[in-house]
Amino acid sequence: MIQEEQILKEKVGQRNCFKVPEGYFDQLTASVMESLPQQEQKARTTVLRKFFYAAACAAIAVLMGVTYYFHQDNGRVETAAAAPESNYYDEMSDYAMIDNMDIYVCMAEE
Amino acid sequence: MLRLKDPKTRREAFERLVKEYSEPLYWVVRRIVLNHEDANDVVQNVFMKAWIGLDNFQEESRLSTWLYRIGLNESLDFIRKQKNQMISADNPDAGALAQQLMADDYFDGNETEALLQEAVAQLPDVQRAVFTLRYYQEMKYSDMSKILNTSEGALKASYHIAVRKISEFFKQRD
């Protein structure tokens, strides 16, 4: 024990000067237990949480299905998009005011 | 511990825990917060937090260590909030703690014992906790180390500094 601590203990002591109302500790346990939330609240929260997880999974599955469906449609759209390209030479020939056949002959000679 | 983890037996097991630790925990809290009503509120909060946090208790420490840790944290949080309120209210009587205690129905100490409480209340928060655990409860540094998650060396140093400050406080009064 350090000297200053010894002096302090001799001067003041270590007595517990704090008091409690009569019967306080006899009712403390009951008071604490009464204030605790019921276990069922926690169970209900768990069930609700599981429901939301299931709903979220279902929503994601539907979204993926819809995305896949529209992607397949887009394939057809993309094929259709290739068609205008063949019109390009027609437009070019119109602009140049020469027949397609002349263009092909010109390209064959190169 | 198994009975605490099992939802069927949890409440009954927790009640036994409260019965065993509520009184010693109360005294740890009371020596820090000083007032009986405040100590009661803090103890209720401690057990509420313990109940809610039971699933998070990893069993790396004993249950008692875990409870005391929550108790000390709640007590220190309480006095910090109290200090902030006193500072913001610009309370001129903030330094007259000994007088307040002497007037408290649930304090039966003499003036010297009340002055010791005033001296302890002026210590930094963690030093205050270390001093009260060591001086009044003679808690071993090894147990304190587990509760406060601080090395024994640091706790011993903290306690010696606290004792020195309190001794100076009394010398200035004499």
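What follows is calculated from the coordinates using simple rules that are stated; it is not laboratory data. Just so it is clear, the model here is predicted, and its values are computed rather than measured. Reconstructed Cβ throughout: ideal geometry from the backbone, glycine too, with neighbour counts over all protein chains shown.
With neighbour counts taken as other beta-carbon atoms within 10 Å, the residues B:M144, B:M1, B:M102 rank, fewest first, as B:M1, B:M102, B:M144.
Is segment B:39-174 rounded, prolate or oblate when judged by the Cα gyration tensor, a ≥ b ≥ c being the square roots of its eigenvalues, rounded requiring a/c under 1.5 and prolate requiring a/b larger than b/c? Note, shape of segment B:39-174 comes out oblate.
Here the relative contact order of segment B:123-174, from alpha carbon pairs under 8 Å that lie six or more residues apart, stands at 36 percent. Put in order of Cβ neighbour count within 10 Å, fewest first, the listed residues B:D55, B:D174, B:D108 become B:D174, B:D55, B:D108.
Taking every alpha-carbon pair under 8 Å whose residues sit at least 6 apart, chain B reaches a relative contact order of 19 percent.
Ordered by the number of other Cβ atoms lying within 10 Å of each residue's own Cβ, fewest first, B:H160, A:H71, B:H36 fall into the sequence A:H71, B:H160, B:H36. What lysines could a cross-link reach from A:K9, if we take a straight Cα to Cα line under 24 Å and drop same-chain neighbours fewer than 8 places away? The qualifying lysines are A:K19, B:K140, B:K156, B:K165, B:K171.
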